[in-house]
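One structure is given here, and the rest of the page talks about it.
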Amino acid sequence: MEVATLRIGHRLVRDDRVTTHSALVARAFGCNKLYMSDVDTSIIHTVEKVANSWGRSEFLIEIYDNWKEVIKTWKKDGGKVIHLTMYGINVDDMIEAIRVEAKLLVVIGAKKVPRELFDIADMNIAVGNQPHSEIAALAVFLDRVFNGNELKKQFGTASYKIIPNLRGKNVECRSGDNRLNL
Ligand code: SAM
């Protein structure tokens, strides 16, 4: 399944951290792509650094001019548009129908999203009907879509490899630089 995230409504400076975390969640939880506006392209650099350190995947970030065009193109290519909103239908009531789709575009907001998004989306989906956060909503939604398997995803070439440990911290350094202090 091809899954992309579309981030809309980023507020200058104030939302940098949240957009960065949305990108990191999208990458770590199995998305192939994040569409974001050109508000702070240093986010791309941050994600690039994370990928170099912890593993490459097929995850890309694409800058858009107009979010409506992204949705239009996605729909034209046969993709379904899932808008995450507390006003939607509970994810657990729709997840079976969502999982059969081949292409999903998951739209997350920042501030109040434009009203028309509720009509353009194929599905307005709620991760519970209480307000919380786009980062949490995205993580829970992707986890439902991939049935938890995304947490076992193997990433490609990396400078560091975590040796999972119940206690303590064990990281294998592949770059030959043993000075790493994690
Ligand atoms: N009051 C805003 C509104 O009316 O949309 C809430 C914005 S919230 C801070 C930012 C984003 O988090 C929303 O656009 C939505 O994508 C996501 N979100 C927050 N709560 C959610 C929930 N219960 N289910 C799904 N998505 C949620």
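The values are calculated or read from the model by the stated rules, or taken from the named source; none is laboratory data. Because the structure is predicted, anything quoted here is derived from the model rather than measured. Cβ sites come from the backbone with ideal geometry, for glycine too, and all protein chains shown count toward neighbours.
Just one of the numbered conditions (1) away from the ligand (no atom under 16 Å from the Cβ); (2) under 18 Å from the mean Cα position of the chain (by Cα) is not true of LYS75: (2).
Residues of segment 61-101 that are part of a helix (DSSP H, G or I) and among the small types (Gly, Ala, Ser): ALA97 alone. Scanning segment 123-182 for residues that are more than 12 Å from the ligand (Cβ to nearest atom), outside any loop (DSSP other than H, G, I, E, B) and either at pLDDT below 95 or more than 21 Å from LYS80 (Cβ to Cβ) (or both) returns LEU151, LYS152, TYR160, LYS161, ILE162, VAL171, GLU172, CYS173. State yes or no: is ARG27 crowded, with 18+ Cβ neighbours inside 10 Å, within 12 Å of the ligand (Cβ to nearest atom) and at pLDDT 95 or above? So ARG27 does not fit the description; no.
When you look at GLU101, is it more than 20 Å from SER133 (Cβ to Cβ) and surrounded by fewer than 16 Cβ atoms within 10 Å (Cβ to Cβ), yes or no? No.
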